[in-house]
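Have a look at the structure below before the remarks.
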Amino acid sequence: MEISEQLRCLFSATVEERGNFYVVEVPEREVRLGDLQDGETYRVALLPASSKDGPDETETETEREHDPQKPPVEEGEQRTVEIQDIGEQGDGITRVERGFVVIVPDTEQGERVTVEITDVSENVAFAEVVERVSYYD
């Protein structure tokens with residue numbers, strides 16, 4: 001499946017019937033931490049939930065991305081990202097799935113880098129630069 005670069009957030013939710021409407025609730029953190037704005041209109045796509053074959057099956061990256069209770073990254077994972085902002089302490093900031101924040105020291109806004117995730121908490125992760133990537137690669 002091809003995913004548009006315009007994707008603002010990705011989360012799992014249940015469709016609920018409320019009177020003559022069906023409702024999908026957007027988690028508060030998607031607005032607080034992501035690129036969504038209260039009162040704005042967005043296009044929504046609904047995909048069927050994947051099911052696990054058994055309790056011992058290893059969690060895949062895709063399942064981790066869709067689980068609203070878990071961060072979409074894990075320690076040791078490498079990703080190529082673009083630094084979107086610079087924080088108050090001078091560290092680079094990028095956002096991945098669901099607007100999840102990853103802080104990357106020693107980077108500049110607009111820089112494209114491959115990072116390794118070094119520490120993950122509930123709402124933010126920290127990473128170190130593994131390689132500086134050219135936009136032409």
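Checking each residue in the range 15-36 for being modelled with pLDDT under 80 and more than 14 Å from the chain's Cα centre (by Cα) picks out Val26, Glu28. Take Thr118 and decide whether it is of a type outside the set (A, V, I, L, M, F, W, C) and in contact with a Gly (Cβ under 7 Å, 6 or more places away or on another chain). In short, no.
The values are calculated or read from the model by the stated rules, or taken from the named source; none is laboratory data. These numbers come from a predicted model, not from an experiment. Glycine also receives a Cβ, built like all others from the backbone with ideal geometry; neighbour counts cover every protein chain displayed.
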